[in-house]
Amino acid sequence: IHMSPHNPDVIYQGGNMLLRSSFRGENWEEISPDLTDNDPAKYRGVEVGSYGTITTIAESPVEKGVIWVGTDDGNVQLTRDDGKTWTKLNDRITGNPGYWVTRVTASHHNAGTVYVTYTGIFRDDFRPFVYKSTDYGESWTSIAGNLRDEPINVIKEDHKNPNLLFVGTDKAVYVT
């Protein structure tokens, strides 16, 4: 669930598609097709879950209608027109592990900047996966730097300083 930074009445809800309520959940509309791979072969049990579900939603606080989503089957998708068209960005992310997307965080400073984290914990891969794009997902850079091999759960950008980032793992919080 994600509340729009542009209008507190607007709420987004992720399933396999993205839903939007224009008035605090009183009504809902589908604003995307299925944004997952919808591949039952990837679905796993409750303990290690993958269900073809949106796991993270971020609307740009800088530019209304720019919405990013990540899924538990490894997709990162973007709309720049409030859900009319969607672009799957997986092939543009160099080193994309295709794992569970734990967080998509839209920048507070630039509409085209976004941060994405993945976790490989369900496949016994504990390497840190942290990426940044500054051009609406056209190109990506790994910013994992010297992070330890720990599952990454979240990344946040400081509201005032775009160079100040926080990463949360299963074991610690890191700052750069």
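Worth pointing out:
- Selection within region 24-46: residues that are exposed (fewer than 11 other Cβ atoms within 10 Å of the Cβ) and not β-branched (Val, Ile, Thr). The member of this set that is modelled with the lowest pLDDT is GLY45.
- Yes/no for THR56 being touching a strand residue (DSSP E or B) at 6+ places or on another chain (Cβ under 8 Å), hydroxyl-bearing (Ser, Thr, Tyr) and part of a loop (DSSP other than H, G, I, E, B): no
- Any chance VAL175 is within 16 Å of the chain's Cα centre (by Cα) and within 25 Å of PRO5 (Cβ to Cβ): no
- Among the conditions (1) closer than 29 Å to ILE121 by Cβ; (2) open to solvent by 40 Å² or more (accessible area, probe 1.4 Å); (3) at pLDDT 95 or above, the only one that GLU59 does not satisfy is (2).
- Counting only strands (runs of 3 or more DSSP E) that fall entirely inside region 64-172 and contain at least 1 residues that are open to solvent by 60 Å² or more (accessible area, probe 1.4 Å) and either under 26 Å from VAL10 (Cα atoms) or in contact with an Asp or Glu (Cβ under 9 Å, 6 or more places away or on another chain) (or both), the qualifying elements are 100-106, 125-133, 152-157, 165-169.
- Total residues in region 161-176, condition modelled with pLDDT of 95 or more and of a type in the set (Asp, Glu): 0
- Some residue of region 18-33 being outside any helix (DSSP H, G or I) and within 12 Å of the chain's Cα centre (by Cα): no
- Among the residues of this structure, THR55 counts as one that is of a type outside the set (Phe, Trp, Tyr) and under 15 Å from the mean Cα position of the chain (by Cα).
The values are calculated or read from the model by the stated rules, or taken from the named source; none is laboratory data. Treat the numbers as computed from the prediction; the structure is a model and nothing was measured. Positions of Cβ are generated from backbone atoms using ideal geometry, with glycine treated the same way; all protein chains shown enter the neighbour counts. Just the protein is used for accessible areas: all its heavy atoms, side chains included, with ligands, DNA and RNA removed. Shrake-Rupley method; radii C 1.70, N 1.55, O 1.52, S 1.80 Å.
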